Amino acid sequence: MDGPVKPSFNLVSDPWVLVVMLDGSTEEVSLRDLFRRASEFRGIAGDIAQQSLTILRLCLAIMYRGYGRLPDGSDGLTESEMLDGWKSVWERGSFADGMVDGYLTEFEDQFDLFGESPFYQVTGLKYNSKDKEFDPITEMIADVPKRDKFLFTMRGRNAPSEIPFDEAARWLVYFQAYDCAGIKTPVVGSSHVNKGKVYPPKGIPATGWLGTIGGVYLEGDNLFQTLMLNWVMHDEEGREYFGVPGDVPAWEAPVTETDYRVVNPKGPAQLFSWQSRRVRLVLGEGGDAVAGVISCYGDIPHPTDMPEVETMTAWHKSPEKQKALGTPYVPWMPRAHDCSKAIWRGLEAILSRGEASEGDLRPVVIRWLARLREEGVDGLPREPSVHAQGMEYGVQSSVVTSSMDDLVSLGSALQCDSVAIARTVGVVSDADRAVYQLALLVRSVERSQGDKTKDKDPQGVRIANDVKEAAYLELDDLFRNRIAEFSKDEDADRYCGEWRDDVHRRLLAIADRYLEGASVSLFSRHGQDSISEARSKFHSQLNKILGPLQIGNR
């Protein structure tokens, strides 16, 4: 007797990607329609914001292979030929040349969630346990906590026991990129088992790869532009990202083993489809939805020295990692985001070249945009956005504690003008120092009012932190507007001088509002300074950091 018919859900032909239309409405499209209609969409959305970057990288992996499969024996392309190829697609304004569409048709069978080689999964994966056949599907969903951790979540306690195929596809792509570390249940074939459990490898971050880096990508006026701006061909230091030998995505070389391995990718197509987990989706009883998931550790890369393949993160040199690894040089490490800060507060890592002796530590996509500007490519977006996404983890990276999703538009001066970038980074740094002085003022005033609490979080500290965060919120629109409006026609010193003046005035106004609420006399003294003296010191510090107030500031 025949068994139940196995379902089919193919990411190439079935709608599953959430896109935002140019008018702000949303639609679900297949991968084929996404590429065919890319200029009609504003961008990629998702069930949570972080799904957008994971799906964007999947699409870029398709582009790298759709256009980048060179004939056997080929010596590859020169940098000039790569750039010319990029320009030809850009100038067409669409993917209508058939390269991506033909590639998707060729590999369409590999994009079926339930095919012979199921997409992003391992066939026949099973837990090596008598007590557990599979985990509930909520294990794969970012904002659904364990049953005893429902305090902080956007979903209700009655989370669905099954989800439709389209949503399962989005979460599967996300899961491979951002899954937490921690203890995993062994699967059949696991060799790294200790007392019935699989622990993460020591000394290597074991979250999904995007959980290790500070994801940064560029956004244009529509999805076509966004895909193209992040489709990096090469960089000025001789690294090539297009047509890299052996750089094949997951669906061209499906993983069949169930054990995890420590291995590094050969290029962006492989990394952008990285299989950080061994996964198999489990159908519900009706066969028309996904009820569970089986998962364990998969491919785990060393995070050191990855600018050869990773284009979407800033970097830093790590003497600590050099000591731990015993390398003769200081290795590069990805720079993760501080999820408590707005993106403009971290612009130095994203836009500034840094010391020449260290190499260019900016995200490669930022350097690629500068190269396109220098080449005089026509039709580049006037104010592209830098979009940052990331996760923070706690308790040995076994839980998500915070996330980041933020973007800022770049004025033309900040896309390739090193002087303007340096001046902007200086304003951000000075604003941080000035806000710190505001917090010191508040602490001093609270002491003057008799804050004698001796616990680890005294009232004065809490109030100072509240005022500091309120100050950053009030400065937020100013910085975003100034960054977006910084034109290459502006005189950088004059523009940033006026910018500092705006910061100065706003912080003075915030301090005055706070002092108006002080409940004691300006001359009351319980500590070192009176309120009047603290205010005078604050004004003096702002003059040193931001300069005296200018007259006639626009």
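The values are calculated or read from the model by the stated rules, or taken from the named source; none is laboratory data. Since the model is a prediction, treat every value here as computed from it, not as a measurement. Cβ: placed from backbone, ideal geometry, glycine included. Neighbour counts: every protein chain shown. Surface areas here come from the heavy atoms of the whole protein model, side chains and all, with no ligands, DNA or RNA. Shrake-Rupley method; radii C 1.70, N 1.55, O 1.52, S 1.80 Å.
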Residue identified as more than 21 Å from the chain's Cα centre (by Cα) and among the small types (G, A, S) among G215, G238: G238
Residue in region 153-165 that is under 26 Å from P249 (Cα atoms) and at pLDDT 95 or above present: yes
Output for region 492-536, where each listed residue is touching a Gly at 6+ places or on another chain (Cβ under 9 Å), modelled with pLDDT of 90 or more and open to solvent by 80 Å² or more (accessible area, probe 1.4 Å): none
Which listed residue, of E40, E81, is among the acidic types (D, E) and without any contact (Cβ under 8 Å) to a residue 40 or more places away in the chain: E81
Test: residue in region 46-67 that is open to solvent by 70 Å² or more (accessible area, probe 1.4 Å) and not acidic (D, E): no
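With on the phi < 0 side of the Ramachandran plot and at pLDDT below 90 as the only criterion, which of V445, V408 stands out? Lay out the reasoning, then the answer.
Working: V408 fails: at pLDDT below 90.
Criteria check complete, one pass: V445.
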Some residue of region 265-272 being under 28 Å from I183 (Cβ atoms) and assigned to a helix (DSSP H, G or I): yes
Number of the exception - G76 against (1) closer than 25 Å to E236 by Cα; (2) open to solvent by less than 50 Å² (accessible area, probe 1.4 Å); (3) modelled with pLDDT of 95 or more; (4) not β-branched (V, I, T): (3)
Selection status of S397, crowded, with 19+ Cβ neighbours inside 10 Å and either in a strand (DSSP E or B) or touching a residue at least 24 places away in the same chain (Cβ under 8 Å) (or both): yes
Candidate set from region 454-474 (those that are over 21 Å from A509 (Cα atoms) and surrounded by 13 or more Cβ atoms within 10 Å (Cβ to Cβ)); member that is modelled with the lowest pLDDT: P458
Residue within region 303-310 that is touching a residue at least 60 places away in the same chain (Cβ under 8 Å) and open to solvent by 30 Å² or more (accessible area, probe 1.4 Å) present: yes
Residues (closer than 22 Å to P363 by Cα, part of a strand (DSSP E or B) and not charged (D, E, K, R)) located in region 182-219: G215, V216, Y217, L218
